[in-house]
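The values are calculated or read from the model by the stated rules, or taken from the named source; none is laboratory data. Because the structure is a prediction, the values reported are computed rather than measured. Quick reminder, even Gly has a Cβ in these numbers, built from the backbone with ideal geometry, and neighbours come from all protein chains shown. Ligands, DNA and RNA are excluded from the accessible area calculation, which covers all protein heavy atoms including side chains. Shrake-Rupley method; radii C 1.70, N 1.55, O 1.52, S 1.80 Å.
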Amino acid sequence: MSRSLNTLLSVPFLPFTRPSIDEETIASVAEVLRSGWITSGPKVQAFEAALAEICGGRTVRAFNSGTAALEVALRLAGVGPGDEVITTPLTWVATANVILEVGASPVLVDIDPTTRNIDLKRIEAAMTSRTKALIPVDLAGLPVDRDRLYAIAALGRLRVVEDAAQSFGASWNGQAIGSSGDFVAFSFHANKNLTTSEGGALVLPADIDAGLCERLRLQGVQRSPDGGMDVDVLGGKFNLTDVAAAIGLGQLKRRHEFDARRRALAARYFERLDPDLGLELPPADFNHSNWHMFQPLLPAGSDRAAFIAAMKELGIGIGVHYPALHLFTLYRRLGFTAGQFPHAEDVGARTVTLPLFPAMSDADVDRVCTALTKVLKH
Ligand SMILES: *Cc1c(COP(=O)(O)O)cnc(C)c1O
């Protein structure tokens, strides 16, 4: 198949993403493994401190996933059974799953097809007396307009849990995502711009007790100085390990280099992509986005599976992020139906994620562009 064809042609397969882990980071992980302390400890504390500095001195707690950070944020925001939470149907399903996980109901609002993020104009109409919170998602690292978002949240006295899983390193009005706002959740999954292999973090607003956040992160356990312990709240098992935090600390040293490289590669895509292929390009936002992904939309009516297979034959990996989540069986069972969010459905059906990661060369981008021309002009 494609792999063997590539081997014959001796062209290495180009995945849509690949983490960049340097030898210094690998050595620091080995050091943790040899230290005798491999779960949450000093590396996690150092990682939290480094994240806090990036987030303007706000309180940050590390988690073992972005999903866990989102779920704990909802609990800290007091969201539970009977409450409604507004979010977008065009996101990784984790965003909506955590709403169900805390016993609340997801209320979906269609996207704005120009940004592919939640359509801010439609949020007010979706609010009810039960609406408790908003979860905006910065899809592909393109931030939702924070000024308009918080104006809308204030209107309905809603808490905001920013799903910034994809937008670590992005900014709004020159301010790093995470440095302002209500709750902000990051993911450090292997595919994200900065990784701990698996991991996440939650930036806390000033009115939230970091101690409660820590208890929700680990079984509700509270230790007293005399060695005793108590449990006063039902917590999960969401703590990050020092092994993972060591990876994160190594990644943080290179974050500006990574971000710059992603921007340069995205710019090259805009420059080199054949404009006659019928592709709908993402917004060319070089002020705010961290270029987590580069996602053109295929022409309407395209066979995406055939496109992906043809690109694979040419040695190029293509991702799909994401089909509209209300079309998944679980969400249909909850009453969502096809046709409800036409923009999200359209983008979800046509979106493709092209290779974009810091270790890519300019020649790799050119190779993807050549392959696109070959496949789409066919
Ligand atoms: C990755 C991601 C998450 C979940 O993060 P994990 O670390 O995988 O749990 C949530 N929302 C969005 C938009 C994501 O991309």
In degrees, nearest 10, range 0 to 90: what is the angle between the Cα axis of helix 23-35 and the longest Cα principal axis of the chain?
-> 30 degrees
Ranked highest first by average number of other Cβ atoms within 10 Å, how do 221-233, 260-272 line up?
-> 260-272, 221-233
Hey, got the dipole for the chain? About the Cα centre, +1 on K and R Cβ, -1 on D and E Cβ, debye to the nearest 20?
-> 480 debye
Roughly what would the spin-label model give for Phe286 and Asp362, points 7 Å off Cα along C-beta, in nm?
-> 1.4 nm
Quick calc: nm separation of the 7 Å Cα→Cβ label points for Ser179 and Ala210 -> 1.9 nm
Mean Cβ count within 10 Å, highest first, over the residues of peptides 240-246, 94-100 = 240-246, 94-100
Using the charge dipole of the chain (Lys, Arg: +1 at Cβ; Asp, Glu: -1 at Cβ; taken about the Cα centre), state which of Ala126, Ala344, Val102 has its Cα farthest towards the positive end.
-> Ala344
Per residue, what accessible area does the chain have, given a 1.4 Å probe and all protein chains present, in Å²?
-> 43 Å²
DSSP beta bridges in the chain, what fraction antiparallel, as a percent rounded to 5?
-> 55 percent
Alpha-carbon centroid distance for the pair segment 114-139 / segment 257-318, whole angstrom | 26 Å
Using alpha-carbon positions, the gyration tensor of segment 109-161 gives root eigenvalues a ≥ b ≥ c; with a/c under 1.5 called rounded, otherwise prolate if a/b exceeds b/c, else oblate, the class is prolate
Quick one: net charge around Pro106, please, counting Lys, Arg +1 and Asp, Glu -1 for every other residue with C-beta under 11 Å from its C-beta.
-> -3
Of Cys55, Leu356, Gly248, which is farthest along the charge dipole of the chain in the positive direction, counting Lys and Arg as +1 and Asp and Glu as -1 at C-beta?
-> Leu356
Helix-derived [θ] at 222 nm for the chain: sum -39500 (n - 2.57) over DSSP H runs of at least 4, divide by residue count, nearest 500?
-> -11000 deg cm²/dmol
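Using a cut-off of 13 Å between beta-carbons, work out the net charge of the residues near Leu279 (Lys and Arg +1, Asp and Glu -1, Leu279 not included).
+1
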Protection-proxy order for peptides 163-175, 292-304, each taking the mean of Cβ atoms within 10 Å per residue, highest first = 163-175, 292-304
